[in-house]
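So the structure is just underneath, and the comments pick up after that.
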Amino acid sequence: MSAKQPASNGRKSLGWISAAHPASTPLAAAARWSALQGPRFTCFGIVPMTAALDVGSGTKHQAAAPEPSRSPAAAAGPALVVDDLTVAYRSKPVLWDIGLEIPEGTLVGVVGPNGAGKSTLIKACLDLIRTASGRVLVFGKPYREQRSMVGYVPQRESVDWDYPVSALDVVTMGTYGRIGLLRPVRRRHKQAAQQALEQVGIGHLARRQISQLSGGQQQRVFLARALAQDARLYFMDEPFAAVDAATERAIVALLHELKAQGKTCIVVHHDLSTVAQYFDWVVLLNMRVVRAGPTPEVFTQENLHATYGGRLALLDQAGQALYESEQGLAGTAAAADRTAGRQVRP
């Protein structure tokens, strides 16, 4: 399959499948087939829109296996295991000897400086890019056998938002893996997509064309589509980037709701001041894993300096957030006393 720039108009573009009868077009069938194959071959919003499905290539793909059982017994063990993973671009290492084991039911923040390989790590786990070595296990099996259990929220900048599809169309694409090849989109699938939009607070925008939405609303569409996928493991690439405060609160609430359901979320994050507040696990990454584990143990000044080096301004901000988190209510009371001009005992 070759990466091709999709057309901005015309019916050869995958984005065109949002016509009045999305289940009746050959492109819709191709898109649904791609959804069965998992994030590597899915269309809108699953992979960057610069990589379109070549529906005329004649390439044969193996049919997707039935969705694995979701019983508690099947859920035993870590959600994700990454072993000896190395990725290089033109012989230049981007990730080196990555080893991770992520417990199920955790909210995991992946943080590190720009160029540290955070997005590359997610794409390597999803088999979206070539790896030099290593393996990835999802719930104890190779990723290709577990695609139906994985959801992906890419960066907004990686998507062509000019495609003529509505918010409801995009969210409905999250159900294609369950609908099956050449089967029509039923009313219940549309209702599930509408419910997902309601859950993220934009149900009233279901018929709105995606290019007419604000950045925060577009991000909520992605999150709704992830909900419609009903996965057990979610990868989210900077979902908080360039969103308004209301959307950020909605995302945080959704993450905690997914965790309450026993699901695992791995989130690339850039704001160090909110890491301790949002995540119970953290991965500090700078080409290699500096430290990974429970946030109170790993998210320390010493480990941050090892990850970010001399970027003192950013570290000071993170350090202040850590201090305030540790002080809790005591720090708040002390600040109130200082404001009132009273003497505060150390």
Hey, any hits in segment 186-204 for a residue that's in contact with a Pro (Cβ under 7 Å, 6 or more places away or on another chain) and either outside any loop (DSSP other than H, G, I, E, B) or not small (Gly, Ala, Ser) (or both)?
no
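Against the definition (in contact with a strand residue (DSSP E or B) (Cβ under 6 Å, 6 or more places away or on another chain), more than 30 Å from Thr300 (Cα to Cα) and open to solvent by 10 Å² or more (accessible area, probe 1.4 Å)), how does Gln218 come out, yes or no? Before you say what the answer is, go through the steps one by one.
On the way: in contact with a strand residue (DSSP E or B) (Cβ under 6 Å, 6 or more places away or on another chain): no; more than 30 Å from Thr300 (Cα to Cα): yes; open to solvent by 10 Å² or more (accessible area, probe 1.4 Å): yes.
No: the conditions fail for Gln218.
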Segment 195-208 - residue that is in contact (Cβ under 8 Å) with a residue 24 or more places away in the chain and open to solvent by 50 Å² or more (accessible area, probe 1.4 Å) and, of those, nearest to Ala226 (Cα to Cα)
Gln199
Based on what the data block shows, is Asp160 surrounded by 24 or more Cβ atoms within 10 Å (Cβ to Cβ), out of contact with any Cys (no Cβ under 9 Å at 6 or more places or on another chain), over 16 Å from Tyr234 (Cβ atoms) and acidic (Asp, Glu)?
no
Restricting to segment 257-307, and then to whatever is of a type in the set (D, E, K, R) and in contact with a Leu (Cβ under 6 Å, 6 or more places away or on another chain), can you tell me which residue is most open to solvent (accessible area, probe 1.4 Å)?
Arg291
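Kindly check whether there is at least one residue in segment 210-232 that is touching a helix residue (DSSP H, G or I) at 6+ places or on another chain (Cβ under 7 Å) and of a type in the set (Ser, Thr, Tyr). Before the answer, list the steps.
Step one: list which residues in segment 210-232 are touching a helix residue (DSSP H, G or I) at 6+ places or on another chain (Cβ under 7 Å), which gives 210, 213, 215-221, 223-229, 231-232.
Cutting the leftovers down to of a type in the set (Ser, Thr, Tyr) gives us none.
No, that holds for no residue.
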Consider Glu238 carefully, then state whether it is touching a Phe, Trp or Tyr at 6+ places or on another chain (Cβ under 8 Å) and either within 30 Å of Thr120 (Cβ to Cβ) or among the small types (Gly, Ala, Ser) (or both).
no
List, please: which pairs have Cβ atoms under 8 Å, are six or more places apart or on different chains, and start with a residue in segment 176-191 that is more than 17 Å from Arg225 (Cβ to Cβ) and end with one that is open to solvent by less than 100 Å² (accessible area, probe 1.4 Å) and of a type outside the set (A, V, I, L, M)?
Gly180/Arg32; Leu181/Arg32; Leu181/Trp33; Leu182/Arg32; Arg183/Arg32; Pro184/Ser24
Among (1) in a helix (DSSP H, G or I); (2) modelled with pLDDT of 90 or more; (3) under 17 Å from the mean Cα position of the chain (by Cα), which single condition is Tyr152 missing?
(1)
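The values are calculated or read from the model by the stated rules, or taken from the named source; none is laboratory data. Model, not experiment: these values are computed from the prediction. Positions of Cβ are backbone-derived with ideal geometry, glycine not excepted, and every protein chain shown enters the neighbour counts. In case anyone asks, the SASA skips ligands and DNA or RNA and just uses the protein heavy atoms, side chains included. Shrake-Rupley method; radii C 1.70, N 1.55, O 1.52, S 1.80 Å.
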